[in-house]
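**Q** Take this structure, written in structure tokens, and hold onto it; I'll ask about it next.
Laboratory data are not the source of any read-out in this text; all were calculated from the coordinates shown. This one's a predicted model, so the numbers in the text were calculated from it and none came from an experiment. Because the Cβ atoms are built from the backbone with ideal geometry, glycine has one as well, and the counts that use them run over all protein chains shown.
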Amino acid sequence: MAEGKTLTLNMGPHHPATHGVLRIVLELDGEVIVKATPHVGQLHRGIEKIAEGMNFQQVIPLTDRLDYTAASLNNLGYCLAVEKLLGIEVPKRAQYIRVIMGELARIMGHHLWLGSHALDIGAMTVVFYTFRDREMIMNINEEASGYRLTPSYLRVGGLAKDITPDFIKFVRDFVKWFPTAIDGYHTLLTDNIIWRKRTMGVGKVSAEDAVNFGFTGPSLRGSGVPYDLRKVRPYSSYDDFDFQVPVGEVGDVYDRYLVRMEEFKQSINIIDQAIENLPEGPVNVDNPWVANPDLGAVMEDISALIRRFKIQCEGPHAPEGEVYASVEGSKGELGFYLVGDGSEHPYRMKIRSPCYILTSALPKMIVGHMIADVIAIIGSIDIVLGEIDR
Amino acid sequence: MENAKIAETVKGKFGDAVLAEQECCDDLQLVIKAEALLDVMRFLHDDEQLAFDLLIDVLSIDNSQRRRKPRFEVVYVLVSTTHLHRLLVKVPVADELEVPEVPTVTGIWHAAMWAEREVYDLMGIRFADHPDLRRILTWDGFEGHPLRKEFPVEGKDFDKKWDPDTIEVL
């Protein structure tokens, strides 16, 4: 190519390796990228705006559609924010079941990441194994709530209903099986020479840059910063469980891969502790303005019937005030900033999406690399467009 | 550092610039004058005891239906990865401005680049000296700012007739 001339290449939005409808305009000198401009927004549904007209319980299914690969974690973040605003705390049993659902969702999110990341780079086999195991979690979701991908199982003030004995059996089966499966993933990729050559030294981000660019979650920990909200600000009884926070050293694609692979193990460890030490008791908060009276009471007591009706169609009113609550999502810090104005709607709901901020650092990561590396780097930061565009 | 101590440190350095100090559940919220925002933010980032090196989010609130003044407020969520404390910084945007505007913090945290673009796109608050202030979630040429309270939730032309050949509203 003539000196100083560059070629502009449009990648996406309908490109299977961009994990949704991400569009990147690349400027190439030969095959080397000299400039990259990501364009997002094709999937913008205005969830924040829609939520302003809904009551607090109605927003929960909307949050499922943010990071749809790990739906229960979004429910958890939202419910914690509302509960913080209302000043209530859910019972211990509900907190433990939320942790189980959240960690299962994290494993689901990592399954999709691992399968599609490897598929993008050319290792086709992995996706079959991860989806085989993802199916087991789908069955657990179905047993808990009736839905497989987007359970909407959590409620403000607790859970939709208590778990069944089958749920416990399914989770125990999964906990027993999954360590073998993780070893299987490792044999496919970790020491694979092609995988190593494609990922090591690619998309390096130093710890300082990662923090400055607003990285959170596994991408930040891959650069060696041990910032994990489950440890830093334990929510939903995370301080009861014994687990470790894996960190990387170099901050390249391979390190981020290893961090997520280790998170599989830590998540299954947490689920094991939670399901074996599950406390007895109610799963909904004991607050007449928030929790539904159960159906037995509704059949016999007129005031319970009225209260159920009021809670179903109106729900709790939030006091005036502002809160910020966040959870460690499968991609990073998933935060909800809620403003209450005394009504039953959130006056303003802002979703802090980890993927959105990660995508803004894409140009920094891919400039200087080849086109084939772009796909490896997009895969390694594990973005979901449903959450970026909201 | 404890919330009370953070407030004390910032107030000791910028006495007049701190308009208010509020508790948002377990988080501290400081309301800072827009003129002093850059100095305060630079101090929060650089000071070794505070070291707020991670900008989590930038968001905006439209107060027009809450009967509060001023109409727009911008909130920054800051975290320190070394000391692990969190701070909410709120900046009121002066009502007198024709186009609401606050200074950009992209020079301090790169993470503000897209976060501020989103605020501009959805709420119409400009960030002075932002290097790349374009719309991001809506398309170029979109009219209005969807998160403002007067913007209809269904969109502006959802019930209008349109020409299927040109996709133009009639």
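**Q** Pop out the Kirkwood hydrodynamic radius of the stretch B:3-144 from its pairwise C-alpha distances, inverse of mean 1/r, in Å to one decimal.
**A** 15.6
**Q** Let me ask something else about it. Per 5 Å bin from zero, what fraction in whole % of the C-alpha pairs of the stretch A:113-189 is there, up to the bin with the longest pair?
**A** Calculated P(r), rounded to whole percents: 3, 14, 20, 19, 16, 13, 9, 5, 1.
**Q** Have a look at the protein assembly as shown and give its Rg and Dmax from the Cα atoms, expressed in angstrom.
**A** Answer for the protein assembly as shown, Rg first and Dmax second: 23.7, 85 Å.
**Q** Is there a quick way to get the dipole size of chain A? I mean about its Cα centre, with the Cβ of Lys and Arg at +1 and of Asp and Glu at -1; what is the value in debye to the nearest 20?
**A** Dipole about the Cα centre, nearest 20: 580 debye.
**Q** Quick one: dipole size for the stretch A:219-269, taken about the Cα centre, charges +1 on Lys/Arg Cβ and -1 on Asp/Glu Cβ, in debye to the nearest 20.
**A** 140
**Q** Let me ask something else. Could you work out the local net charge near A:Val175, counting Lys and Arg as +1, Asp and Glu as -1, over the other residues with Cβ closer than 13 Å to its Cβ?
**A** Here the charged neighbours net out to -1.
**Q** Output the 0 to 90 degree angle, nearest 10, between the alpha-carbon long axis of helix A:165-189 and the longest principal axis computed from the alpha carbons of chain A.
**A** 10
**Q** Across the stretch B:156-170, in residue order, what do the Karplus-derived ³J(HN,Hα) couplings come to in whole Hz, using 6.51 cos²θ - 1.76 cosθ + 1.60 with θ = phi - 60° and x for Gly and Pro?
**A** With the stated coefficients, the stretch B:156-170 comes to 7, 10, 5, 10, 8, 7, 9, 7, x, 7, 9, 6, 9, 6, 7 Hz.
**Q** Okay, moving on. Which order do peptides A:151-158, B:95-102, A:91-98 fall in by mean Cβ count within 10 Å, highest first?
**A** A:151-158, A:91-98, B:95-102
**Q** How big is the Cα convex hull of the stretch A:55-191 in projection, averaged over all directions, in nm²?
**A** Hull-based average projected area comes out at 8.7 nm².
**Q** Further, regarding this structure: Any idea what angle helix B:37-46 forms with the longest principal axis of chain B, computed on alpha-carbon atoms, 0 to 90 degrees, nearest 10?
**A** Roughly 60 degrees between the two axes.
**Q** Choose one of A:Ala71, A:Val90, A:Leu9: the residue whose Cα lies farthest towards the positive end of the charge dipole of the stretch A:1-122 (beta-carbon charges +1 Lys, Arg; -1 Asp, Glu; about the Cα centre).
**A** The one lying farthest along the dipole's positive direction is A:Val90.
**Q** Ranking A:Met108, B:Met123, A:Met138, A:Met101 by Cβ neighbours within 10 Å, fewest first, what do you get?
**A** Going from sparsest to densest Cβ surroundings: A:Met138, B:Met123, A:Met108, A:Met101.
**Q** For a distance above 25 Å, tell me the whole-number percent of Cα pairs in the stretch A:55-315 that qualify.
**A** That fraction is 49 percent.
**Q** Go through B:Ala111, B:Gly144, B:Ala17 and say which Cα lies farthest out towards the positive end of the charge dipole of chain B; charges sit on Cβ, +1 for Lys and Arg, -1 for Asp and Glu.
**A** My answer, from the dipole projection, is B:Ala17.
**Q** Can you give the angle from 0 to 90° between the axis of helix A:371-381 and the longest principal axis of chain A, with both taken from C-alpha atoms, to the nearest 10?
**A** 20
**Q** Another question, then. Once label points are set 7 Å from the Cα along Cα→Cβ at both B:Glu21 and B:Glu101, what is their separation, rounded to one decimal in nm?
**A** Each label point is offset 7 Å from its Cα along the Cβ direction, giving 3.3 nm.
**Q** What does a probe at A:His317 reach in the stretch A:34-67, counting residues whose amide N is under 17 Å from the point 7 Å along Cα→Cβ?
**A** Answer for the stretch A:34-67: A:54-57.
**Q** Given the stretch A:240-390, report the % of alpha carbon pairs whose separation exceeds 25 Å.
**A** Counting pairs separated by more than 25 Å, the tail of P(r) holds 57 percent.
**Q** What is the dipole size for the stretch A:110-262, taken about its Cα centre, with +1 at each Lys and Arg Cβ and -1 at each Asp and Glu Cβ, in debye to the nearest 20?
**A** My answer is approximately 240 debye.
**Q** Give the residues of the stretch B:71-114 whose amide nitrogen is closer than 16 Å to a point set 7 Å from the Cα of B:Arg42 in the direction of its Cβ.
**A** Under 16 Å, as judged by backbone N against the label point of B:Arg42, lie B:103-110 of the stretch B:71-114.
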